[in-house]
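Written out below as structure tokens is the structure these notes cover.
Where a number appears in this text, it was derived from the coordinates with a stated rule and is not lab data. Everything numeric in this text was worked out from a predicted model, so none of it was measured. Ideal geometry is used to build each Cβ from the backbone, glycine not excepted, and the neighbour counts take in all protein chains shown.
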Amino acid sequence: MKVFLDTNIVIDYLSNREPFGGKAKQIFYLSETSDVELCVAALSFTTIYYVLHRQCEHRRLLDLLEKLRSLMTVVSTDEEDIANAIKSDFSDFEDAVQYYTAFSANVDCIVTRNTKDYRMSEIPVYTPDDFLAK
């Protein structure tokens, strides 16, 4: 199963952000013990760095990003994904870009904490709790 993680889930995992970090860790553990392939958008790396750089020393954060890169499939965002996001009815542009990136990568589902921003999705969208319950 190919699972696309929204940036918020990855930040929860790396920062162990409460109360969400535990569920994020369970999702990553699943990828090590089952046929779950975790995917993340390449553009998420800059957002993750921006959010976490005040909490984490630069070199340590880069090491975490390298570890993350080794645990996940990094999928690219192309011009068509951006064009589709611009034309879409998504209310949140960043989530629209994430969605079309996931769509182009042919993922089976998206896991995010803000499912409301993915109402337009043709791909199944789950909260971490709902995904782990499957």
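Rounded to the nearest Hz, the phi-derived 3J(HN,Hα) couplings of the range 121-134 under the Karplus curve 6.51 cos²θ - 1.76 cosθ + 1.60 (θ = phi - 60°) are 5, 8, 9, x, 10, 10, 6, x, 4, 5, 5, 5, 6, 6, where x marks glycine and proline. Summary value for the chain: 30 percent relative contact order, contacts being C-alpha pairs under 8 angstrom separated by 6+ residues. Here the peptides 83-93, 111-121 are ranked by packing, the mean other Cβ count within 10 Å, and the order with the highest first is 111-121, 83-93. Extending 7 Å from the Cα toward the beta-carbon at both A42 and Q26 defines two label points whose distance is 3.3 nm. Between amide H atoms placed 1.01 Å from N, distances below 5 Å from Y126 occur with I110, V111, T112, all of them 5 or more places distant or on a separate chain. Ellipticity at 222 nm from helices only: DSSP H runs of n ≥ 4 in the chain, each -39500 (n - 2.57), divided by the residue count, give -16000 deg cm²/dmol. Summarise the long-distance tail of P(r) for the range 57-134 by giving the % of C-alpha pairs beyond 20 Å. Here the long-distance tail beyond 20 Å is 43 percent of all Cα pairs in the range 57-134. Shown here for the range 51-134: GluC sites (Glu not before Pro) in loop regions (DSSP other than H, G, I, E, B) with at most 15 other Cβ atoms within 10 Å, namely E57, E122. Within a straight-line Cα-Cα reach of under 23 Å, K134 can be paired with the following lysines, leaving aside sequence neighbours fewer than 8 residues apart in one chain: K2, K23, K25, K116. Viscosity 1.306 mPa s, temperature 10 °C: what is the translational diffusion coefficient of the chain from Stokes-Einstein with a Kirkwood Rh over Cα pairs, rounded to a whole number of µm²/s? In µm²/s, the coefficient is 106. Each of V97, V36 was scored by other Cβ atoms within 10 Å of its Cβ. Arranged with the fewest first, they read V36, V97.
Quick one: Cα centre-to-centre distance for the range 1-60 and the range 94-108, in angstrom? Cα centres, the range 1-60 to the range 94-108: 16 Å.
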